[in-house]
Amino acid sequence: IFESNYYLINIRSDYLDSLKFLKNLQEYKMAILPYCFEPKMISNNMNAMGENQSSSIGEIDARIIINVPIYKDK
């Protein structure tokens, strides 16, 4: 009777803060189901555009996919 409803969230933070974010998502009174958590370390090197990306040590770019099921009408 429920239908999947997926959302993509892109965040930039340190690793521990991203895990706290996932924990906080699960404290809502509605069902939010983490489906995918894909963290990548951010390098301090120059990117392809030649711009200097300054990032703190341990900072990540993370892709999080969550499922927020919705009630499906018959």
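Every number in this text was worked out from the coordinates using simple rules, so none of it is lab data. This is a predicted model, so every value here is computed, not measured. All Cβ positions, even for glycine, are placed from backbone atoms using ideal geometry, and neighbour counts span all protein chains on display.
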For Tyr7 paired with Tyr71, estimate the spin-label separation in nm (one decimal), with each label point 7 Å from Cα along the Cα-to-Cβ line. 1.9
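Full-extension gain between Lys40 and Tyr15, please, as 0.36 nm times their residue separation minus the C-alpha to C-alpha distance. Write down the numbers at each step before the final one.
Working: separation 25, 0.36 × 25 = 9.00 nm, distance 0.95 nm.
Between Lys40 and Tyr15, full extension yields an extra 8.1 nm.
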